[in-house]
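Reading through the structure tokens given below for one structure.
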Amino acid sequence: MAKKILVVDDDPAIVRYLVNIFNDNGYETCTANDGAEAFEVLKQETPDLITLDIEMKGEWGPKFFRRFSKNKDWKNIPVIVISGMASRHLSIEKAITWLPKPFDPEKLIGIVKNTIG
């Protein structure tokens, strides 16, 4: 069974790009446009990993991270922050890594493979 990745980003082009990268490498995907929608997706799906933007039009990534990490069923899902924000200090400390946009897709896939197989 393929591992599943939840892509959380408010830019439809980035979402399509990430979904294509992950699908081309054998991963299943589900998506959300902001943190509030991602929280609802988590109620239906159980991803093995989450990619998370920081600054989104709706609920920002850090707020979503705080909410979802309080749930015992979800708190151990690894998170990769992918953000266009120049400063990492606004990122999520417990994320396994932070990648600035634009990012190297090969580097991202390497991190994903090392994290969830």
query = Which residue out of E93, E37, E28 is over 18 Å from R16 (Cβ atoms) and of a type in the set (D, E)?
reply = E93
note = Selection from region 42-66 of residues more than 19 Å from I96 (Cα to Cα) and surrounded by fewer than 18 Cβ atoms within 10 Å (Cβ to Cβ) yields K43, Q44, E45, K57, G58
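Results for (1) out of contact with any strand residue (DSSP E or B) (no Cβ under 6 Å at 6 or more places or on another chain); (2) modelled with pLDDT under 90, shown as yes or no for each residue.
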site: N25; (1), (2): yes, no
site: N33; (1), (2): yes, no
site: E37; (1), (2): yes, no
site: V41; (1), (2): no, no
site: E45; (1), (2): no, no
site: I50; (1), (2): no, no
site: W60; (1), (2): yes, yes
query = Within region 41-57, which residues are in a loop (DSSP other than H, G, I, E, B), touching a residue at least 40 places away in the same chain (Cβ under 8 Å), within 21 Å of M85 (Cβ to Cβ) and touching a Ser or Thr at 6+ places or on another chain (Cβ under 9 Å)?
reply = D53
request  = Within region 67-97, work out how many residues are in contact with a Ser or Thr (Cβ under 7 Å, 6 or more places away or on another chain), modelled with pLDDT of 90 or more and closer than 19 Å to D10 by Cβ.
outcome  = 3
key: Qualifying positions in region 20-40 - surrounded by fewer than 18 Cβ atoms within 10 Å (Cβ to Cβ) and touching a residue at least 12 places away in the same chain (Cβ under 8 Å)   = N25, G26, E28, A36, E37
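The values are calculated or read from the model by the stated rules, or taken from the named source; none is laboratory data. Everything quoted here is computed from the prediction, not taken from an experiment. Cβ coordinates were reconstructed from backbone atoms using ideal geometry, including for glycine residues, and neighbour counts include every protein chain displayed.
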